[in-house]
Amino acid sequence: MAKKVALLQGNQACAAGAVYAGCKFFGGYPITPSTEVAEELSISLPKVGGKFIQMEDEIGAMASVIGASLTGMKSLTATSGPGVSLKQELIGYACIAEVPCVIINVMRGGPSTGMPTGPGQSDVMQAMWGTHGDHAAIALVPSSVQEIFSETVRAFNLAEKYRMPVQVLFDEIVGHMRERIVFPEPGELEVIDREAPTDGPDTYKPYDSTKGQIPPLASFGSGYKFHVTGLNKADDGFPTTKASLVDAEERRQVDKVMDNVADIESNEEYLTEDAEVVIWAFGSTARSARYAVNELRKEGIKAGLFRPITLWPFPTKRTAELAVQCKAIVVAEMNLGQMIHEVERAAKGNCVVAGEFRVDGEPINPAQIMKKVKEVL
Amino acid sequence: MAERYELRFSGAGGQGLITAGIILAEAASIIEGRSAVQSQSYGPEARGGASKSEVIISDQPIDYPKATIVDACLAMTQEAADKYANGIKEGGLLLLDADFVQRAPQGNFKVYRLPIMRMAKEDIGREIVANVVALGAMIGLTGVVTKEAGEQAVLRKVPEAFKELNKKAYNMGYEKGKELIN
Amino acid sequence: MAYDYEKSIRPGKLPHIWCPGCGHGIVMKGLIRAMDTCGLDRKNTAIVSGIGCASRLPGYLDACTLHTAHGRAAAFATGVKMAKPEMTVICCGGDGDGTAIGGNHFIHACRRNIDMTYVLMNNFIYGMTGGQFSPCTPTGAKASTTPYGNPDPIFDISKLAIGAGATFVARTTAAHPREIDKLIVQGIQHKGMSIIEVLDDCPTTYGRRNKFRSVVDMMKHLKANAVPIKAAAKMTAEQLQGKFLTGVLFHDTEKPEYCAQYAEVIKKAQGA
């Protein structure tokens, strides 16, 4: 039988991907340009016995998502930059309490209200460093409607596997544009469910590091009684200020991501093998970059594209290798220069690193990128 | 057909031009099985203001999703013509509502006029189908998708009770559009 | 025979952090008795709190306990209850946590009438941070941030809850321990949002700044100014000046409960 196809907005594909991944709870608050994610899920979640709630504010939405996830439900929220700013408090909570959840950020301009209907990519550093305190982050940056579907599924997988919040960031252009999507059949994409504890209720400890870097999380209402807090805690979940325990816990929560970069990382490369100049771009900007690469090649310029799909943890290794191989890396991003700092860090001075930035609500177009490439060569 | 064909539909918010763009994208990508990307930009107004919808159609995968140089543009109001009827390719085409756009933008492209709103109101009897008349006219004018694919896409989008009305609107637009280039 | 509180308390978690004379322990004991009276299965009971002295309460109790962020208890609890309506959900916390930083979550949980019981310990002050004024600190009172007397008017938490749409609202004080569990029991048994406001004492940061010479003084003050709602009906406005009404202040069994409403949404979506 032919697969089901449809012309969908990115935001709609995100909602469909969530349902595919087994998401059963959405807590949100209306905000442009992400609202279609909520609207779609308000229709589709109750159909599969899931729950949709529109909360009183962004913080409440994040709180409801963490609460629902603690009962074992795969949980999601969707918002945009101003909403992510408000959610930071509880994104940190989900980090320290190690509660799986997925946060969609359909990026617009900023700071503050900025340009609600215009695209932006200026929340990428916030995705890593937005909440206070040391923590690891996973952030995915799809660039097509089909990829929004599959990366939303992967976000749930990573959230459940690594027991932490995972953010999916796409700009307004990808969120709102419509493209054909081919719906994967059940079983076609990997769907990872939360690991159940091996210990019974009497001996279970929610942060027992003897079980590995990612101790299994039991569900409220499943026979297990345990304590969850935003305080630094010992392996039994209760608060502690004992230096050695706090240190071990903080490090484990970062190491569980940084020791598994190879599993979390995902990049796409286009014509980088012989590239003299590599355009480093993600989201909708990567689509402009690919167009530019083709045009530049026609003119005899050996250009290539590096497109991170996992933005955090940062693709340090591959970026460093490209810096050694090529003469220049052009970082194109719809902000005033954020990821370029990470690229410069990884490049270690081995090649020229130049940026092409834009924050006027218009996408970075291929002509702009081509001009910058010619400037740096 | 060229590797990449770019269309822009512009008019007042609420005129259904985003829907027209979506229907065209469905005709190309779902019915004809080619690649299409539809995008839009809009202001904070739900009604009024100028809005635009862009559709890129190609036989290859589409990378840059926005218009680079527009092959065919539609402007239903003067404000839309002033704001969005730009970046049109040399030798490209611009279709204007004959009653609502007095001043055509200058450029090296062909300008056509049809009284789209009036056709919808007087000939079809419902102003609301002006977007479908316009869609038909653009397809007739450009041949970017087949007449049948366009009609199928329109009919997929509308409720049963309005199918005849929309079919009539689409076909009238298509014929008038085709007449303009013959 | 002495009441066996031990079986409800997590081994090794006492002593608690509360100061000598603090009323929170009285409320915790009342909550334990109420949970027993209702026959709650602690494996299926979530106790959710925010931040502050009162919000440390869940950590001592043997149940599914969730110590969240400042002010967010009601919103976390809403997620838990929506996801698993078969669980009993109890929130607890203080006045600053629940009605200042958490005020929005508080009123909207009331509005939804989601089935949970919120035990709000109102000791008129931010205790944990050292005695800054809260939305419930009486006008004119001294706090560490009102050295010249508090210029702010107060929130009447029970009135706020009624106005916001909670369907069971009751008030008592830490000086009325038997009424605490009686009201919490009614709150748990009520299907909808129940607010139990317990007027409480903070001798360390409120009492000593406001001319209460001892904990006994504070308890006497709570006792002397509590007027049962039935008795209040026979009193004049003048007689009621400075008093607080206690007992069941509001009880509505008509308004639909939120999770039940959402179950209807699911039925509609599934075409039943």
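The values are calculated or read from the model by the stated rules, or taken from the named source; none is laboratory data. The structure displayed is predicted, hence computed values, not measured ones. No Cβ is skipped: glycine too gets one built from the backbone with ideal geometry, and neighbour counts run over all protein chains shown.
Grab the strands (runs of 3 or more DSSP E) fully contained in region B:34-142, keeping just those with 1 or more residues being acidic (Asp, Glu).
Answer list for region B:34-142: B:50-58, B:70-75, B:88-97.
Filter region C:1-31 down to the residues that are among the basic types (Lys, Arg) and either in contact with a Ser or Thr (Cβ under 7 Å, 6 or more places away or on another chain) or without any contact (Cβ under 8 Å) to a residue 60 or more places away in the chain (or both), then identify the one that is farthest from the other protein chains (Cβ to nearest Cβ).
Here the answer is C:Lys7.
Has region C:152-165 got any residue that is over 17 Å from the mean Cα position of the chain (by Cα), at pLDDT 95 or above and farther than 28 Å from A:Ser75 by Cα?
yes
Take the residues in region C:32-48 that are in a helix (DSSP H, G or I) and surrounded by 23 or more Cβ atoms within 10 Å (Cβ to Cβ); name whichever of them is farthest from the other protein chains (Cβ to nearest Cβ).
C:Ala34
Being in contact with a Phe, Trp or Tyr (Cβ under 6 Å, 6 or more places away or on another chain) and among the small types (Gly, Ala, Ser), is that true of even one residue in region C:169-179?
Scanning region C:169-179, I find no residue that is in contact with a Phe, Trp or Tyr (Cβ under 6 Å, 6 or more places away or on another chain) and among the small types (Gly, Ala, Ser), so the answer is no.
Please give the number of the condition A:Glu249 fails out of (1) closer than 25 Å to A:Gln368 by Cβ; (2) of a type in the set (D, E, K, R); (3) assigned to a helix (DSSP H, G or I).
Unmet for A:Glu249, out of (1) closer than 25 Å to A:Gln368 by Cβ; (2) of a type in the set (D, E, K, R); (3) assigned to a helix (DSSP H, G or I): (1).
Being in contact with a Pro (Cβ under 6 Å, 6 or more places away or on another chain), under 30 Å from C:Ile47 (Cβ atoms) and either away from chain C (no Cβ under 14 Å) or among the basic types (Lys, Arg) (or both) is true for just one of A:Glu195, A:Glu172. Which residue is that?
That would be A:Glu195, the only listed residue that is in contact with a Pro (Cβ under 6 Å, 6 or more places away or on another chain), under 30 Å from C:Ile47 (Cβ atoms) and either away from chain C (no Cβ under 14 Å) or among the basic types (Lys, Arg) (or both).
Please go through region C:139-178 and give me each residue that is touching a helix residue (DSSP H, G or I) at 6+ places or on another chain (Cβ under 8 Å) and of a type in the set (Phe, Trp, Tyr), ordered by number.
C:Phe155, C:Phe168
Pick out the one residue from B:Gly14, B:Gly33 that is surrounded by fewer than 24 Cβ atoms within 10 Å (Cβ to Cβ), more than 13 Å from the chain's Cα centre (by Cα), on the phi > 0 side of the Ramachandran plot and within 14 Å of chain A (Cβ to nearest Cβ). Talk me through it step by step, then tell me what you get.
Values: B:Gly14 fails: within 14 Å of chain A (Cβ to nearest Cβ).
After ruling out the rest, the residue left standing is B:Gly33.
So which of A:Leu217, A:Leu271 ends up being of a type in the set (A, V, I, L, M), over 18 Å from the mean Cα position of the chain (by Cα), within 14 Å of another protein chain (Cβ to nearest Cβ) and at positive phi?
None of the others qualify; the one that does is A:Leu271.
How many residues are within 14 Å of chain C (Cβ to nearest Cβ) and loosely packed, with under 14 Cβ neighbours inside 10 Å if we restrict to region A:224-262?
Total meeting the criteria: 1.
Under 7 Å between Cβ atoms, which residue pairs at least 6 apart in sequence (or on different chains) link something in region A:207-223 that is more than 13 Å from A:Gly237 (Cβ to Cβ) with a partner that is part of a helix (DSSP H, G or I)?
A:Gln213/A:Arg252; A:Gln213/A:Asp255; A:Gln213/A:Lys256; A:Ile214/A:Tyr162; A:Ile214/A:Lys256; A:Gly221/C:Asn44; A:Gly223/C:Lys43
What's the number of the only condition in (1) within 11 Å of chain C (Cβ to nearest Cβ); (2) surrounded by fewer than 23 Cβ atoms within 10 Å (Cβ to Cβ) that A:Ile66 fails to meet?
(2)
Give the residue, chosen from B:Gly91, B:Gly136, B:Gly125, B:Gly177, that is surrounded by fewer than 21 Cβ atoms within 10 Å (Cβ to Cβ) and either of a type in the set (Asp, Glu) or under 21 Å from B:Tyr5 (Cα atoms) (or both).
Numbers: B:Gly136 fails: surrounded by fewer than 21 Cβ atoms within 10 Å (Cβ to Cβ); B:Gly125 fails: either of a type in the set (Asp, Glu) or under 21 Å from B:Tyr5 (Cα atoms) (or both); B:Gly177 fails: surrounded by fewer than 21 Cβ atoms within 10 Å (Cβ to Cβ).
After ruling out the rest, the residue left standing is B:Gly91.
Within region A:351-369, which residues are surrounded by fewer than 16 Cβ atoms within 10 Å (Cβ to Cβ), at pLDDT 95 or above and not hydrophobic (A, V, I, L, M, F, W, C)?
Passing the criteria: none in range.
Test C:Ala226 against the stated conditions and say whether it is of a type in the set (A, V, I, L, M, F, W, C) and either more than 21 Å from the chain's Cα centre (by Cα) or at positive phi (or both). Lay out the reasoning, then the answer.
Working: of a type in the set (A, V, I, L, M, F, W, C): yes; either more than 21 Å from the chain's Cα centre (by Cα) or at positive phi (or both): no.
Spelling it out, it is not the case that C:Ala226 is of a type in the set (A, V, I, L, M, F, W, C) and either more than 21 Å from the chain's Cα centre (by Cα) or at positive phi (or both).
Which condition does B:Gly49 not pass, out of (1) within 14 Å of chain A (Cβ to nearest Cβ); (2) small (Gly, Ala, Ser); (3) within 14 Å of the chain's Cα centre (by Cα); (4) farther than 18 Å from B:Val133 by Cα, if it passes all the others?
(3)
Search region A:228-254 for residues that are of a type in the set (Asp, Glu) and pair each with any residue that is assigned to a strand (DSSP E or B) and crowded, with 16+ Cβ neighbours inside 10 Å when their beta-carbon atoms are under 9 Å apart and the residues are at least 6 apart or on different chains.
Close Cβ pairs (under 9 Å, with a partner that is assigned to a strand (DSSP E or B) and crowded, with 16+ Cβ neighbours inside 10 Å) amount to A:Asp236/A:His227; A:Glu249/A:Lys233.
Kindly provide the set of residues from region A:26-52 that are more than 12 Å from every other protein chain (Cβ to nearest Cβ), among the hydrophobic types (A, V, I, L, M, F, W, C) and surrounded by fewer than 24 Cβ atoms within 10 Å (Cβ to Cβ), ordered by number.
Correct list: A:Ile31 only.
Mind listing whichever residues of region B:36-75 are modelled with pLDDT under 90 and surrounded by fewer than 22 Cβ atoms within 10 Å (Cβ to Cβ)?
Once the filter is applied, which keeps residues that are modelled with pLDDT under 90 and surrounded by fewer than 22 Cβ atoms within 10 Å (Cβ to Cβ), region B:36-75 yields B:Gln40, B:Ser41, B:Tyr42, B:Gly43, B:Pro44, B:Glu45, B:Ala46, B:Arg47, B:Gly48, B:Gly49.
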